Amino acid sequence: MKKSLNYSSDFETALDLGRPPNIKKLFPNSKALLVSGKYIDQAMLLKKNCMTIAANGRNSFVIRGALAAAQRANAAIIIEIARSEGGTSAYCAVNLWNIARLTDAIMNELGIMVPVAIHADHFGIKTPEDIEPAKTEIVSLFDAGITSIAVDASHMPDDQNLLANLELCPYIPDWAGLETEVGEIKGKLGLSTDEEALFLIQGLNAHNIFPNWIALNNGTTHGIEASDTGINVELTAFIHETLSKYKISGAQHGTSGNNSQRLRKIASETRTTKANVATALQMISWGLKVNDYGNAILDNGNFIKQKDRGVSEDMWAQMLTYAKANDLKGGNFKKLNLPFESKLLVQPKEIRDRMAKDVEEFVFGLLTNVFNTADTAQIVIDEILKNKSHDPGFKAEKIESQKDWTKDKILEKASKITADKGPGGNFDD
């Protein structure tokens, strides 16, 4: 959707004032409005009853399609990659250190003028030993253009989750968007409770840490849904209401496996402002058959490749051969991203274009017909002009007393929490 650029004076001012320092340093001559995740969250709250897509850019075609859809919808969005997808053990060619550069380049190429945040999703901390090296890594992410991050220590007990957040948050710029997580994301087992969500947010609040989002285990999973159990909207709304005085929004993970009606309820009946979509966009870019809400349709356990959609037929055959040789099945087809990104990029232009176009159409439908995100781009620009800053400030204020949340008291409080994390697992994207 290459178009001539027609920048207004308001946009130029927002570009000057609204881009964070790391973005200005990396892209001094850019016309891409990359902003803090705080502004994206704020815009959804101001519009009300809406959320935006956090599109997991597992490949460059997903990023291209999502950005084009956002421009059409005049919507502020988030482009993200999880640590498992694009960290030091990545299974995608798009990673935490190049996603901002790739997004900025595509936005300038296509004339994308909507505000976009770059989010490091599921920055997983699974043991206390992970904390020290994470301090250096987090700094490197912001050096590379990240503008928002999710510190995910939800695999650990509640006290260790809180303590990990407290130790790592000083390495995150105050202006950046921040997400935290309680309850390991894994479906209907070990659902999050209001008690453990309150424990995490109160403990952070006592130490002057005010996240934009909290992610819950509210009944969904990542990847390919095996059933239609889906997100528990009532539980989500109840926990969000319990946390309301701390002014935290919801981040909904595992969106791909839920139908449009349920997603509309999440947007309208909960405090959710961020909805992660990963697997659906990957499958659509490849040309696989999905249902109306992005879940892959299987034929005797096999994906259905649509002719004249997505990758070429020869490329799909190569991908299947590789998957079989490496025993990749179901959700583990995601591990095709890294070895095939360059192969996908050398396909004929018409094939590359249709891969991105199908993603665009799907995301545009979500933004305009399901998430109610249309026209939130202007809200962000207006807020930047009002604040005259790349940082809108914190939406919450300190309520809790730090003396009630020392390490000893955190351990004591956590020992009284009744929570079932369910069976262990590896569920981090």
Query raised in the report: Among the numbered criteria (1) under 21 Å from N372 (Cβ atoms); (2) in contact with a helix residue (DSSP H, G or I) (Cβ under 9 Å, 6 or more places away or on another chain); (3) crowded, with 24+ Cβ neighbours inside 10 Å; (4) in contact (Cβ under 8 Å) with a residue 60 or more places away in the chain, which single criterion is violated by R72?
Result: (3)
**Report entry** Search result, residues across the stretch 156-192 that are over 15 Å from E132 (Cα atoms), at pLDDT 90 or above, assigned to a loop (DSSP other than H, G, I, E, B) and not acidic (D, E)
**Finding:** M156, P157, P173, W175, A176
Requested in this report: Return only the number of the condition from (1) without any contact (Cβ under 8 Å) to a residue 24 or more places away in the chain; (2) of a type outside the set (A, V, I, L, M); (3) part of a loop (DSSP other than H, G, I, E, B) that D314 does not satisfy.
Outcome: (3)
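Can you tell me which residue in the stretch 48-99 is farthest from I351 (Cα to Cα), limited to those that are of a type in the set (K, R) and over 13 Å from the mean Cα position of the chain (by Cα)? Spell out the reasoning first.
Looking only at the stretch 48-99, we keep the residues that are of a type in the set (K, R), and these are 48, 58, 64, 72, 83.
Subset that is over 13 Å from the mean Cα position of the chain (by Cα): 48, 64, 72.
On the way: K48: 38, R64: 14, R72: 21 Å.
Among those residues, the one meeting the criterion is K48.
Give the stretch 34-49 a look and list any residue that's in a loop (DSSP other than H, G, I, E, B) and surrounded by fewer than 24 Cβ atoms within 10 Å (Cβ to Cβ), or say none.
Filtering the stretch 34-49 for residues in a loop (DSSP other than H, G, I, E, B) gives 35-36, 48-49.
Once the filter is applied, which keeps residues that are in a loop (DSSP other than H, G, I, E, B) and surrounded by fewer than 24 Cβ atoms within 10 Å (Cβ to Cβ), the stretch 34-49 yields K48, N49.
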Query raised in the report: Regarding D308, is this residue assigned to a helix (DSSP H, G or I) and more than 26 Å from the chain's Cα centre (by Cα)?
Result: no
Query - Scope the stretch 286-305; condition β-branched (V, I, T), closer than 19 Å to R354 by Cα and part of a loop (DSSP other than H, G, I, E, B); matching residues - result: I304
Query - Matching residues, the stretch 261-285, being within 21 Å of A68 (Cα to Cα), part of a helix (DSSP H, G or I) and either among the acidic types (D, E) or in contact with a helix residue (DSSP H, G or I) (Cβ under 7 Å, 6 or more places away or on another chain) (or both) - result: T279, A280, L281, Q282, I284, S285
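The values are calculated or read from the model by the stated rules, or taken from the named source; none is laboratory data. Model, not experiment: these values are computed from the prediction. Don't worry about glycine lacking a Cβ; one is built from the backbone with ideal geometry, like all the others, and counts go over all protein chains shown.
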